[in-house]
Every structure is written in C-alpha cells, then in structure tokens.
1. So, in region A:15-47, of the ones that are free of Cβ contacts under 8 Å to residues at least 40 places away in the same chain and within 22 Å of B:CYS91 (Cβ to Cβ), which residue ends up least open to solvent (accessible area, probe 1.4 Å)?
2. How many of the residues in region B:67-112 are without any contact (Cβ under 8 Å) to a residue 24 or more places away in the chain and hydroxyl-bearing (Ser, Thr, Tyr)?
3. Give me the pairs: first residue in region A:54-69 and among the polar types (S, T, N, Q), second residue open to solvent by less than 50 Å² (accessible area, probe 1.4 Å), beta-carbon distance under 6 Å, and six or more apart or on different chains, which are they?
4. Spot the failing condition for A:LEU105; the list is (1) within 14 Å of chain B (Cβ to nearest Cβ); (2) open to solvent by less than 70 Å² (accessible area, probe 1.4 Å), and only one is missed.
5. Of the conditions (1) within 13 Å of chain A (Cβ to nearest Cβ); (2) part of a strand (DSSP E or B), B:LEU11 satisfies every one except a single condition; which number is it?
6. Taking region B:48-60, which residues are within 11 Å of chain A (Cβ to nearest Cβ), free of Cβ contacts under 8 Å to residues at least 24 places away in the same chain and either closer than 17 Å to A:GLN42 by Cα or assigned to a strand (DSSP E or B) (or both)?
7. Out of all the residues in region A:1-17, which are part of a strand (DSSP E or B) and among the β-branched types (Val, Ile, Thr)?
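The values are calculated or read from the model by the stated rules, or taken from the named source; none is laboratory data. Remember, predicted model here, so these are calculated numbers, not experimental data. All Cβ positions, even for glycine, are placed from backbone atoms using ideal geometry, and neighbour counts span all protein chains on display. Just so you know, the surface numbers come from the protein's heavy atoms only, side chains and all, with ligands and any DNA or RNA stripped out. Shrake-Rupley method; radii C 1.70, N 1.55, O 1.52, S 1.80 Å.
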Amino acid sequence: DAKTTQPPSMDCAEGRAANLPCNHSTISGNEYVYWYRQIHSQGPQYIIHGLKNNETNEMASLIITEDRKSSTLILPHATLRDTAVYYCIVLYNFNKFYFGSGTKLNVKP
Amino acid sequence: AAGVIQSPRHLIKEKRETATLKCYPIPRHDTVYWYQQGPGQDPQFLISFYEKMQSDKGSIPDRFSAQQFSDYHSELNMSSLELGDSALYFCASTKRGDNEQFFGPGTRLTVL
C-alpha cells in the first residue's frame, strides 16, 4: 500500500473552508484514496473516497490531482464539531488500512 | 442503521491474565478487521477475516489469536497480558465489493 504524507496539524476558523492536503506520490493506478476522521478516541469515521475523479458528498469534497500523486480534502464550512484527526489512506482491493500520522484539525471559534 | 458492535466497551485486567474482545459486524458484512490504537498513537492493523478465514495479518503478537464464527462475529483472544497491551481495540467490517470500512466504537483495554 502506498504511503501518505500529511501535515501534523492545521487550524481553521469556524465557518471557513478547511483544506487538508495529502501526498501519495507512490500511488498506483488501481489504488483508491480514502479519508477518515477520528474524533477523540471514537471509532474512525468514513468521510469520502475516490480513484481519479473529484468527488463530493454531504460531508466533504475530494480533489485529486491529475497525476494522482496528491489530494485535498475540503470541508466547505468547518464547525467546532469537525475538530478531529483526519487520516488520508491509500487502499487497494479492500485490504487493511495503514493509518499514517494524520492531520489534527483544530477548528477555532 | 445498524452499526458495528463491540463488547465490552471497557475492560480492566491484571498482567498475565487473558482477555476476549468481541465484534459483531454490520448485518451481511462478510469481512472483519481488528486494529490496535495505543495511547497517543495511530491505529495499527492486527488481523482480518473474510468468510471465516484469516485473510491478512499485521503486527499481531503471538500471544493474540482471533477467529470469525459462522454468524460472522469475531473474537480477539489475548493471553499473558502485558502493560503495553493497554490500548483501544477497534473492529471494522465491510462487505467485499463495497468501498468503506465501518468502525465500531472500540474496546478500551487497561492492563494493570
């Protein structure tokens, strides 16, 4: 499974968009990019995933670069409840997740 | 909607004791994963099962064993517990062919 690199922490003002970057330069053509978040020792929660097209759901948008070596998770209007550790994971064929260090997002009032 | 159920939610054991953690996947899910998350650490994959057979193995100590039963629930058995086994243990389930793993709330194991 490809490794991912994320900044250890980021701050975001409440109501503003949070843009969380992830580098996955060794990703291969059939590996998906998944984003999960973990709020204070709860079970990780699925956010979104994609292969090569940009994706959007009710929680977030996922922007994947054309060469697929990086991606950005966008939370359009961050709230205090979005404070969590966000994990970018590259996954092939329903294999186990290798969690990296993730990004601790601090949403501030 | 039904979620992944883990029991117990909290468990306190002494060193050298044994512990059994249980995971009940979402109905119709055929794959179960176990993860360990130590204090201040990221979740680490331990082991997975598909259709009651072990499908993959991560950094699981030899003192630990696991299995998946005919009703698809899974149990993680931990023997000769050590202080370093204190952690959150998450179970996740999925149905092969679907795209996301659903995580349970975790079992917090404390070894004294």
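1. Filtering first and then ranking leaves A:ILE47.
2. So the count comes out to 1.
3. Between residues of region A:54-69 that are among the polar types (S, T, N, Q) and residues that are open to solvent by less than 50 Å² (accessible area, probe 1.4 Å), the close pairs are A:ASN57/A:ILE48; A:SER61/A:ILE74.
4. The failed condition is (1).
5. (1)
6. Matches in region B:48-60: B:SER48, B:ASP56, B:LYS57.
7. A:THR5
To keep it simple, each residue is scored yes or no on (1) over 22 Å from B:LEU112 (Cα atoms); (2) open to solvent by 70 Å² or more (accessible area, probe 1.4 Å); (3) at pLDDT below 95; (4) out of contact with any Asp or Glu (no Cβ under 9 Å at 6 or more places or on another chain).
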site	(1), (2), (3), (4)
B:THR31	yes, no, yes, no
B:LYS52	yes, yes, yes, no
B:ILE60	no, no, yes, yes
B:PHE69	yes, no, no, no
B:SER74	yes, no, no, yes
B:GLU82	no, yes, no, yes
B:LEU88	no, no, no, yes
B:ARG96	yes, yes, yes, no
